[in-house]
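The values are calculated or read from the model by the stated rules, or taken from the named source; none is laboratory data. Being a predicted model, the structure only gives us computed values, none of them experimental. Backbone-built Cβ (ideal geometry, glycine too); neighbour counts: all protein chains shown. Protein only, heavy atoms only, side chains kept; ligands, DNA and RNA dropped before computing areas. Shrake-Rupley method; radii C 1.70, N 1.55, O 1.52, S 1.80 Å.
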Amino acid sequence: MATARFPGKSVDVAAANWTAPALGRPVCVNGTPWILYLLEECVDNVWEYCSVVIGLISMFCFLLSTLPQVYEAYRNGKVEEAMSFGFLFFLFSGDVTSFAGCYLTSQLPIQVVTVVFYIFTDLILISQFLYYKIKNSSSRKSPVLKWLCFMWCGAATLALLALPKLLIDNSTTLDTQSPTTSKSVEITGYICGYLASVFYLCSRLPQLYKNFQRQSTEGTSYLLFALAMMGNGTYGLSVIVVLPALRGSKQTFIIKHLAWLIGSLGVLILDFFVTAQFILYRRNTSTKSSTLIGIPEVEPLLCEEVELSVL
């Protein structure tokens with residue numbers, strides 16, 4: 001495990017399914033071919049199979065979660081008023097530290113690629129936030145700002161596309177280290193996992209306060225939080241489902257995954273409060289809009305009465 005957004009499999013589970021022939025690479029006996037090819041995991045029972053499928057659903061939810069907010073920010077154009085920069089900052093910090101943990105604990109290549117994609121979507125959200133904040137605070141339009149934004153996004157895209165390949169090619173250096181150095185690197189990776197969980201938990205608090213301060217959720221997409229809730233919920237389920245298939249200590253397995261379980265389930269609870277805000281403040285918004293619609297219907301009548309009294 002190296003990221004709270006994508007569940008990996010513990011070495012205790014995967015290692016038991018491999019057999020090592022005298023010559024050549026280890027062979028996966030009775031493993032699921034598509035999982036072996038895609039994730040490099042040897043899955044040979046229904047519990048592990050369900051865990052992988054649920055984990056992929058979790059990953060898919062997280063991959064889609066930021067896209068509705070990107071569209072909402074583009075459509076609304078006032079994202080700096082609706083979203084808290086603290087939410088974006090802590091989300092980005094959580095993904096960066098999660099990526100560090102993923103790399104230091106030598107997780108699967110697909111996990112490295114996935115967390116890099118998360119960082120990319122975070123940069124898009126932050127770029128949108130800064131772009132509209134500068135644009136809306138300026139009294140005149142600046143085409144240079146738009147071109148700078150496009151250039152920044154393009155450069156970030158190229159860098160993030162090349163980054164997974166470089167990291168995967170250099171990951172062999174971590175495997176050839178001495179046992180003492182490798183253990184310290186692994187401990188550092190798990191510390192990064194706990195830091196990522198703290199950042200993910202802190203990310204919801206500024207947005208909750210922002211919504212409370214405005215008494216509105218206008219300008220934010222609920223799909224961002226709904227898909228995140230689905231992702232965190234399925235992530236926790238994928239870890240729990242694999243427990244019956246463990247051949248090692250279940251307590252050790254839970255301890256190794258504890259940091260990411262705290263982060264995912266804790267954020268899931270906080271997102272229920274965000275959901276309550278969307279329900280509560282949507283009623284307030286509809287009440288205000290109906291009140292505003294009723295005002296123009298009264299004003300012409302008053303004006304006509306005044307005119308008649310003058311005549």
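Global size of the range 30-135: 17.3, 58 Å for Rg and Dmax (C-alpha atoms, Rg to one decimal, Dmax whole).
Computed 3J(HN,Hα) for the range 246-261, one whole-Hz value per residue from the Karplus formula 6.51 cos²θ - 1.76 cosθ + 1.60 where θ = phi - 60°, is 5, 9, x, 7, 5, 5, 5, 4, 5, 4, 5, 9, 4, 4, 7, 5, glycine and proline marked x.
Solvent exposure of Lys250, expressed as accessible area, is near 100 Å², computed with a probe of 1.4 Å over the protein chains only.
Report the Rg/Rh value for the range 191-245, based on alpha-carbon coordinates and the Kirkwood definition of Rh.
On the way: Rg = 15.0 Å, Rh = 13.5 Å.
That ratio is 1.11, to two decimals.
Counting only other residues whose beta carbon sits under 14 Å from that of Glu80, what net charge do I get with K and R as +1, D and E as -1? Overall, the nearby charge balance is +2.
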